[in-house]
Amino acid sequence: QVQLVESGGGLEQPGGSRRLSCAASGSIVSIYDMGWHRQAPGKQREFVAGISRGGSTGYADSVKGRFTISRDNAKNTVYLQMNSLKPEDTAVYYCNADILRSVGVVTQRFWGQGTQVTVSA
C-alpha cells in the first residue's frame, strides 16, 4: 500500500508564509507527476500546482507568483511554499502523486488525506 502524508498546515496571518510537505511511502518503483489541489468549504476541489519528475511546473492563475512547488526525489517528497497568503487561500490542501508500484502495472494516482490551511487575521 502507498501512503501520502501531508504536514505543515495551520493558521497563518494574511501576507504570511507557510510551507506544506507531502511524503510518499510504501511500495514504490517510480514517482512521476506530483502536485497539490485544494478544497474550500462549499466548493469543488481545484488544482493548485503540479511538478513533473524532471522539475517542470505548472500553477493555477490564482496562486501564480505567490506559491512555489518543488520536490525532493530522493525523499519522495513534494513541497508547496506559500507566500503572500490571502484569506481566499483558506482550504484543505491535498497532495497527489502518480506512482508506478511495480513494472508491468499501470501508473496510479494517489492522494493524501489533506491538511487544513487557514488564513485569517
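Coordinate-derived values only; no laboratory data. Predicted model only: the values in this text are computed from it and were never measured. Cβ placement follows ideal geometry from the backbone for every residue including glycine, while neighbour counts extend to all protein chains displayed.
For the stretch 1-46, what's the relative contact order in percent, using C-alpha pairs closer than 8 Å and at least 6 residues apart? Mind showing how you got there, number by number?
Details: 38 pairs, mean separation 15.8, N = 46.
That works out to 34 percent.
Among 50-61, 24-35, how do they line up by average Cβ neighbours within 10 Å per residue, starting with the highest?
Values: 50-61: 13.3, 24-35: 16.2.
Descending packing order for the listed peptides: 24-35, 50-61.
What list of whole percents do you get for P(r) of the chain, with Cα-Cα distances grouped in 10 Å bins up to the one holding the largest distance?
That works out to 14, 47, 29, 9, 1, 0, in percent per bin.
So what are the ³J(HN,Hα) numbers for the stretch 39-45, from phi and the Karplus equation (6.51, -1.76, 1.60; θ = phi - 60°), rounded to whole Hz, Gly and Pro as x?
Taking θ as phi minus 60°, the curve returns 9, 8, x, x, 10, 6, 5 Hz for the stretch 39-45.
To the nearest whole percent, what portion of all C-alpha pairs in the stretch 74-121 is separated by more than 17 angstrom? Walk me through the numbers before you get to the answer.
Numbers: 571 of 1128 pairs.
Distances greater than 17 Å cover 51 percent of the Cα pairs.
Treating only the Cβ atoms of Lys and Arg (+1) and Asp and Glu (-1) as charged, compute the dipole magnitude of the chain about its Cα centre; round to the nearest 20 debye.
Details: 13 positive and 9 negative charges, 18 e Å.
Its charge dipole is roughly 80 debye.
In Å, what Kirkwood hydrodynamic radius results for the stretch 1-57 from the alpha-carbon pair distances?
Numbers: mean 1/r = 0.0733 Å⁻¹.
Result for the stretch 1-57, one decimal place: 13.6 Å.
Using alpha-carbon positions, what is the distance between the centroids of the stretch 61-75 and the stretch 26-59, in Å?
Taking the Cα centre of each part, the stretch 61-75 and the stretch 26-59 sit 9 Å apart.
Counting pairs of alpha carbon atoms under 8 Å apart in space and at least six apart in sequence, what relative contact order in percent does the stretch 8-121 give? Before the final figure, lay out each step's value.
Values: 261 pairs, mean separation 41.8, N = 114.
Taking the mean separation of contacting Cα pairs over the length of the stretch 8-121, I get 37 percent.
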